[in-house]
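Here is the structure we will look at.
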Amino acid sequence: MARNIQSLERAAAMLRLLAGGERRLGLSDIASSLGLAKGTAHGILRTLQQEGFVEQDETSGRYQLGAELLRLGTTYLDVHELRARALVWTDDLARSSGESVYLGVLHQQGVLIVHHVFRPDDSRQVLEIGAMQPLHSTALGKVLSAYDPVAHSEAVEADRKAFTDRTVCDLEAFEQLLDLTRARGWAADVEETWEGVASIAAPIHDRRRMPVGAVGITGAVERVRRDGELRPELIAAVRDCARAVSRDLGAGRF
C-alpha cells in the first residue's frame with residue numbers, strides 16, 4: 001500500500017484546525033495543537049499562504065483561511081447548481097436566438113465552459129463542455145471580469161494576447177470596456193477572439209448577489225449583427241436568460 005505524504009497530511013490538518021477553531025490562530029497555537037515544531041508549522045503555513053489558502057493578519061500575525069480556499073470550497077456546489085438551474089433557460093435561449101448557448105465560470109485565469117447547448121439546426125457541431133476561453137477577449141470573459149473581482153484581477157494581470165486585429169489588449173481600453181459592460185449589463189465579442197464569430201453575454205448572480213457565472217450566445221457575425229449593429233432582440237434574450245437563471249438561484253430581480 002502506498003504511504004501517505006506527511007507534509008500533505010500536516011497541511012490538511014492545519015486547514016481543518018483553522019476551519020474549526022477560532023477565527024485566527026497564532027503560530028504557537030497551530031504548532032502546539034498539531035504537535036509540530038514551530039519551524040515546520042511556519043514552513044507549511046508559508047506555502048499555504050503563497051497559494052492563497054491561508055492569510056496572515058498584518059497586525060496580529062495570526063492566520064486564517066484564505067479567500068482562494070473559500071472560493072474553491074463553494075465551486076463544486078455552485079457549478080452543479082448553476083448548471084441545473086440553467087438547463088431549461090439555456091434551451092429556451094437557443095431556440096429563441098437560433099444560436100449556440102454557452103454557460104461559463106471563472107477557472108484558472110480563464111472561462112471554463114460548463115454547459116453548451118447546440119445551435120438548433122442540422123449543422124455539424126462539437127460539444128465544448130470543459131473547453132477554456134480567454135477572459136479579456138470573449139463576451140463571457142468580459143462579463144466575469146466586469147463583475148467578479150477575482151476575474152478582474154486575473155484579466156488585468158494576465159498577458160492579454162491579440163487573437164485578431166480587433167482584440168483589445170491595452171489595459172486602459174480594456175478597463176473602459178469593463179465599465180461599459182457594467183453600465184449596460186452585458187458584453188460583446190465581435191471577431192475579437194475568432195474571425196467571423198460574434199458573441200453576446202450577461203452575468204448570472206446567486207442568492208448573495210454574487211457573480212457566479214455568465215451565459216451567452218455565439219454565432220456567425222452576419223447572423224448576430226444586422227446593419228453593422230448587434231441585434232437588440234438577441235441582447236434582450238441573453239439578458240432575460242441571465243435574469244431568469246439568477247432568479248432561480250435566489251438572486252431576486254435585477
Only residues that are under 26 Å from the mean Cα position of the chain (by Cα) and not in a helix (DSSP H, G or I): list them for the range 33-51, please.
51
Are any residues in the range 125-140 without any contact (Cβ under 8 Å) to a residue 40 or more places away in the chain, within 18 Å of residue 167 (Cβ to Cβ) and not in a strand (DSSP E or B), and if so, which ones?
135, 136
From the list 103, 93, 144, 112, exactly one residue is farther than 19 Å from residue 219 by Cβ and buried (at least 23 other Cβ atoms within 10 Å of the Cβ). Which is it?
144
Test each condition in (1) in a loop (DSSP other than H, G, I, E, B); (2) at pLDDT below 85; (3) more than 30 Å from residue 220 (Cβ to Cβ) for residue 122 and report the one that comes out false.
(3)
By residue number, the members of the range 239-254 that are of a type in the set (Lys, Arg) and buried (at least 19 other Cβ atoms within 10 Å of the Cβ) are 239, 243
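The values are calculated or read from the model by the stated rules, or taken from the named source; none is laboratory data. Just so we're clear, the structure is a prediction, and the values are computed from it rather than from any experiment. Using ideal geometry, Cβ is built from the backbone for each residue, glycine included, and neighbour counts are taken over all protein chains shown.
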